[in-house]
Amino acid sequence: MNLDLPREALEAASQRNFELKGYAFEAAQGAAAMPPDRARGAGSEQNPAPHFCPCGRTEVSALHKRIGEIAEVAAMCGVNIICFQEAWNMPFAFCTREKLPWTEFAESAEDGLTTRFCQKLAKKHNMVVISPILERDRDHGGVLWNTAVVISNSGLVMGKTRKNHIPRVGDFNESTYYMEGNLGHPVFQTQFGRIAVNICYGRHHPLNWLMYSINGAEIIFNPSATIGELSESLWPIEARNAAIANHCFTCALNRVGQERFPNEFTSGDGKKAHHDLGYFYGSSYVAAPDGSRTPGLSRNQDGLLVTELNLNLCQQINDFWTFKMTGRLEMYARELTEAVKPNYSPNIVKEDLVLPPSSG
């Protein structure tokens with residue numbers, strides 16, 4: 001259902017030239033001992049291209065200013081938790097194969113320029129902030145990670161989670177830049193619910209969603225950067241399926257626009273060298289455990305999607321469908337343990353092993 005948003009917020013979004021939409025997910029009325037458990041989450045999508053040319057601190061500051069404007073409107077709407085898109089503070093340069101100047105955008109997750117900026121936002125607006133960045137891990141030789149920093153509404157850094165799966169498809173062969181995540185599937189207990197962050201390509205892996213759910217996530221954010229030619233047919237399906245399968249809310253967020261780079265690059269797939277990846281199609285949405293979902297944001301305009309989530313719905317759908325209770329994790333774990341062994345032989349029953357029918 002539509003969520004009534006303050007007129008001042010709608011006017012501010014219009015003045016700042018970004019789309020603002022609001023929706024609400026309700027649960028059945030619980031018993032007296034189970035009052036509504038509501039969180040108000042938001043996800044943003046934006047085109048960073050106007051703010052970058054060439055690489056430099058000035059351009060990063062401009063994008064900080066832009067996201068600050070969006071976060072201010074989110075605060076007007078009473079948002080408790082906000083998540084930005086993947087690598088929101090830099091061009092999506094991971095497919096150019098060039099290290100410089102793009103690796104210069106990497107920052108410390110704990111005390112980098114962008115984290116300090118987001119800490120101020122979180123404390124100012126009493127809002128949990130999820131900030132996906134390119135992380136430089138100076139404690140481990142300057143290794144780069146694709147990381148989401150989770151900042152409490154108090155302004156303190158709660159922790160971070162890292163992208164577990166690196167794409168190797170088309171132009172999106174990002175292992176040139178960063179490593180697969182090594183932090184597993186952390187879930188963050190915030191004042192407004194238990195949240196997790198499944199970064200971009202992880203949405204294609206059902207077990208990745210599952211592990212966040214097993215660890216107790218009620219809301220799983222999926223900050224992404226993906227283009228129409230590659231994935232638009234999958235986009236409306238994956239996060240929605242994950243919400244159903246894991247009895248939780250999922251928030252799929254994507255960039256918008258086209259980002260052009262000065263030097264040509266190619267993925268080695270036979271296509272001509274090019275200056276851009278294609279069109280980031282936005283279409284951010286939120287899905288609920290009962291299979292319902294919001295309409296998507298724009299394909300071509302900056303936007304903010306505000307959703308009021310009744311977290312009781314997670315337990316109610318869990319009690320009805322009992323996917324977690326009927327799942328056979330011990331059986332899967334046993335068979336997966338065997339499947340990863342070098343000498344594994346798939347359990348395939350062949351005709352020549354079937355005994356012939358008895359003649360008598």
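The values are calculated or read from the model by the stated rules, or taken from the named source; none is laboratory data. Here the structure is a predicted model, which means the values were calculated and not measured. Glycine also receives a Cβ, built like all others from the backbone with ideal geometry; neighbour counts cover every protein chain displayed.
Conditions tested, residue by residue: (1) over 18 Å from residue 70 (Cβ atoms); (2) without any contact (Cβ under 8 Å) to a residue 40 or more places away in the chain.
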site	(1), (2)
87	no, no
92	yes, no
95	yes, no
103	yes, no
128	no, no
140	yes, yes
159	yes, yes
169	yes, no
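Could you grab me the full set of residues in the stretch 128-181 that are of a type in the set (S, T, N, Q), in contact with an Asp or Glu (Cβ under 8 Å, 6 or more places away or on another chain) and in a strand (DSSP E or B)? Within the stretch 128-181, 146, 147 meet the criteria.
Scanning the stretch 245-290 for residues that are among the hydrophobic types (A, V, I, L, M, F, W, C) and part of a loop (DSSP other than H, G, I, E, B) gives 248, 273, 277, 288.
Listed here are the residues, each with its yes/no results for (1) modelled with pLDDT under 95; (2) touching a strand residue (DSSP E or B) at 6+ places or on another chain (Cβ under 6 Å); (3) crowded, with 16+ Cβ neighbours inside 10 Å.
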| position | (1), (2), (3) |
| --- | --- |
| 256 | no, yes, yes |
| 291 | no, no, no |
| 304 | no, yes, yes |
| 308 | no, yes, yes |
| 339 | no, no, no |
| 349 | yes, no, no |
| 353 | yes, no, no |
| 356 | yes, no, no |
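Scan the stretch 1-21 residue by residue and report those that are within 21 Å of residue 255 (Cβ to Cβ) and touching a residue at least 60 places away in the same chain (Cβ under 8 Å). Of everything in the stretch 1-21, those that are within 21 Å of residue 255 (Cβ to Cβ) and touching a residue at least 60 places away in the same chain (Cβ under 8 Å) turn out to be 13, 17, 18, 19, 20, 21.
If you go through the stretch 247-275 one residue at a time, how many are among the hydroxyl-bearing types (Ser, Thr, Tyr) and over 23 Å from residue 44 (Cα atoms)?
If we filter the stretch 247-275 for residues that are among the hydroxyl-bearing types (Ser, Thr, Tyr), which is where we start, we get 250, 266-267.
Next cut, over 23 Å from residue 44 (Cα atoms) only: 266-267.
Total satisfying the criteria: 2.
Screening the candidates 313, 297 for the property of being touching a Phe, Trp or Tyr at 6+ places or on another chain (Cβ under 7 Å) and either surrounded by 10 or more Cβ atoms within 10 Å (Cβ to Cβ) or not in a helix (DSSP H, G or I) (or both) yields one hit, 313. Would you say residue 14 is assigned to a helix (DSSP H, G or I), at pLDDT 95 or above and either of a type in the set (Ser, Thr, Tyr) or more than 20 Å from residue 80 (Cα to Cα) (or both)? Yes. Summed over the stretch 316-351, residues that are part of a helix (DSSP H, G or I) and more than 30 Å from residue 36 (Cα to Cα) total 12. Contact map, the stretch 212-231: first residue over 27 Å from residue 93 (Cβ atoms), second residue of a type in the set (Val, Ile, Thr), Cβ cut-off under 7 Å, separation 6 or more or different chains; pairs are 212/187; 212/220; 215/187; 216/187; 217/187; 217/195; 219/195. Each residue in the stretch 17-45 was checked for being assigned to a loop (DSSP other than H, G, I, E, B) and at pLDDT 95 or above, and 2 of them qualify. Search the stretch 197-227 for residues being assigned to a loop (DSSP other than H, G, I, E, B) and small (Gly, Ala, Ser), and hand back the single one that is surrounded by the fewest Cβ atoms within 10 Å (Cβ to Cβ). Among residues in the stretch 197-227 that are assigned to a loop (DSSP other than H, G, I, E, B) and small (Gly, Ala, Ser), the one surrounded by the fewest Cβ atoms within 10 Å (Cβ to Cβ) is 216. Against the numbered list (1) farther than 20 Å from residue 276 by Cβ; (2) surrounded by 15 or more Cβ atoms within 10 Å (Cβ to Cβ), residue 230 comes up short only at (1).
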